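So the structure is just underneath, and the comments pick up after that.
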Amino acid sequence: MRPLHIAVFAALLPLAAPAQEAPSFGPLPAAEVVFAEQLYLKRPIVVFADSPNDPSYSRQMELLARSYPELEERDVILVTDTDPEARSEWRQKLRPRGFSLVIMDKDLRPVIRKPLPWDVREITHAIDKLPLRRQEMLERNPAGR
């Protein structure tokens, strides 16, 4: 009878383990993100490339991955598009050529376009200079006036 208990316990053990949560922040393919639904909710950073093997794309994704918490703090949604043939809504609205990094404000207005990878420190400084971001910071910390 003991081996049966062990077998049942071993079979049920994975069910007792706490469910792992999906990561709260990370890149999302452009096909999964509806452009209009981000209005005043998120601040899109869109990384375009003609192929996922583009060295500039790989470098940009490495730089961004180092500082996900800093981007999440600024209500960023990271959108990637590496398939020009799919003609995603993001690609049609922003019209990139080759590799392109596009930083947008919450009103879905492109603020900065870069043809080369950019460090997260530079991205966060640029975001912190935006009028909507400054307003958010003052609302979160009114004593900082």
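Bear in mind that the values in this text are calculations on the coordinates, not laboratory data. It should be emphasised that the depicted structure is a prediction, and the values quoted were computed from it without experimental measurement. As a convention, Cβ positions derive from the backbone with ideal geometry for all residues, glycine included, and neighbour counts pool all protein chains shown.
Counting only residues at least eight positions apart within a chain, or on another chain, the aspartates and glutamates with an alpha carbon under 15 Å from that of Lys106 are Glu37, Glu72, Glu73, Asp75, Asp128, Glu136.
Backbone geometry of segment 75-86 corresponds, through the Karplus equation with coefficients 6.51, -1.76 and 1.60 at θ = phi - 60°, to 3J(HN,Hα) couplings of 6, 7, 10, 9, 10, 10, 9, 10, 10, x, 5, 6 Hz, x marking Gly and Pro. Of Phe99, Phe35, Phe48, Phe25, how do they rank once you tally other Cβ atoms within 10 Å and put the fewest first? Arranged by neighbour count, lowest to highest, Phe99, Phe35, Phe48, Phe25 become Phe25, Phe35, Phe99, Phe48.
Phi-derived couplings, Karplus 6.51 cos²θ - 1.76 cosθ + 1.60 at θ = phi - 60°, listed residue by residue for segment 132-138: 5, 5, 4, 5, 4, 5, 5 Hz, with x used for Gly and Pro. One Cα centroid belongs to segment 30-77, the other to segment 87-145; the line between them spans 10 Å.
Given their separation in residues at 0.36 nm each and the Cα-Cα distance between them, Tyr40 and Arg97 gain 17.9 nm when the chain is fully extended. Restricting the calculation to Cα atoms, segment 23-144 shows an Rg/Rh of 0.96 when the hydrodynamic-style radius is the Kirkwood one. A simple spin-label model places the labels of Arg87 and Ser51 2.3 nm from each other, with each point 7 Å out along Cα-to-Cβ.
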